[in-house]
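One structure below.
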Amino acid sequence: MTTKPEDDKLPKHIAIIMDGNGRWATEKGLPRTEGHKAGAENVRVILEHAKERGIKYVTLYAFSSENWKRPKEEVKVLLDLFRKYMKEDVAELQKKKVRISFIGDRTRFPEDMQERMNEVERETADYNDFHVILALSYGARDDMIAAIKRIAMDVMDRQCMISNINEQVVNDALSTHGIPYPDLVIRTSGEQRLSNFLLWEIAYAELYFTPIYWPDFNEQDLDIAIEAFGRRNRRFGAV
Ligand code: IPE
Ligand code: IPE
Ligand code: MG
């Protein structure tokens, strides 16, 4: 067996499906929304640690395009939490020169939140040590549909020839353009599915599932996931 070079052992981009907030709360006899609050607090801890470990990109699945179907009250609490998170925690990240981007359909959020998202992206666009991508109202299929429409428009406008459509053209049309593909996907809470997260971008990512609920997933658990990644034999189809 060949040993991997050191820098190959560390993922460059970790994408996390932060699942299990509701069950975490329910098992404690608390309302589900308490789980969301605890989950939001955990984001700070995990981002700090990922940065310390030298990870360059972290994408966090915070709210899916399907999550709008949840009870109105739960959606309202989540929106309030995102608003608070963007005001307080994101401001802290900005101070630490963290680049922040949002993927997902932001037009579904109230105007003030959309403005804040645009502002944060603009203000942090030049930072390049550590990049956090927040997936809010995100669905990979919706993102791919939007990309297909963009490419189709370019073909109609004769900006692009059908014969020139390739992986790079598709990458450029997705909301994740400019961001390297994730090499490690972590899903907490024991579910072993992707729930419409990234899809195209994670075609060759290593998948790591843990039964731990997101609010309990701590720095040590992230280290364990990173170590597991380091032991994987990454293959991309070739021998
Ligand atoms: C993840 O936790 C957070 C969001 C999807 C917003 P859940 O709310 O899905 O928690 P479970 O899966 O019901 O425990
Ligand atoms: C996926 O979790 C979305 C987020 C963690 C934001 P869900 O709890 O919504 O996914 P399903 O319904 O279990 O597939
Ligand atoms: Mg869930």
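Screening ASP223 on (1) in contact with a helix residue (DSSP H, G or I) (Cβ under 9 Å, 6 or more places away or on another chain); (2) under 21 Å from GLY39 (Cα atoms); (3) open to solvent by less than 30 Å² (accessible area, probe 1.4 Å); (4) not aliphatic (A, V, I, L, M) shows it passes everything except condition (3). For the stretch 195-204, does any single residue satisfy the condition of being open to solvent by 30 Å² or more (accessible area, probe 1.4 Å), within 16 Å of ligand 2 (Cβ to nearest atom) and within 20 Å of SER65 (Cα to Cα)? Among the residues of the stretch 195-204, at least one is open to solvent by 30 Å² or more (accessible area, probe 1.4 Å), within 16 Å of ligand 2 (Cβ to nearest atom) and within 20 Å of SER65 (Cα to Cα), which makes the answer yes.
Among the listed residues MET117, MET144, which satisfies the condition of being surrounded by fewer than 20 Cβ atoms within 10 Å (Cβ to Cβ) and in contact (Cβ under 8 Å) with a residue 24 or more places away in the chain? Every option except MET144 fails the conditions. In this structure, GLU88 does not satisfy being modelled with pLDDT of 95 or more, more than 19 Å from the chain's Cα centre (by Cα) and within 12 Å of ligand 2 (Cβ to nearest atom).
Selection of helices (runs of 4 or more DSSP H) fully inside the stretch 103-201 by the criterion of at least 3 residues being within 28 Å of VAL75 (Cα to Cα) and either at pLDDT 95 or above or of a type in the set (Asp, Glu) (or both) returns 111-124, 140-156. Scanning the stretch 4-26 for residues that are over 20 Å from ALA62 (Cβ atoms), free of Cβ contacts under 8 Å to residues at least 60 places away in the same chain and open to solvent by 80 Å² or more (accessible area, probe 1.4 Å) yields GLU6, ASP7. For ALA147, the test of being in contact with a Leu (Cβ under 9 Å, 6 or more places away or on another chain) and among the hydrophobic types (A, V, I, L, M, F, W, C) is passed. Taking residues in the stretch 32-56 that are free of Cβ contacts under 8 Å to residues at least 12 places away in the same chain, and partners anywhere that are in a helix (DSSP H, G or I), the pairs with Cβ atoms closer than 7 Å and at least 6 places apart or on different chains are GLU34/ALA25.
The values are calculated or read from the model by the stated rules, or taken from the named source; none is laboratory data. This is a predicted model, so every value here is computed, not measured. Cβ sites come from the backbone with ideal geometry, for glycine too, and all protein chains shown count toward neighbours. Side chains are part of the model used for accessible areas, which takes the heavy atoms of the whole protein and leaves out ligands, DNA and RNA. Shrake-Rupley method; radii C 1.70, N 1.55, O 1.52, S 1.80 Å.
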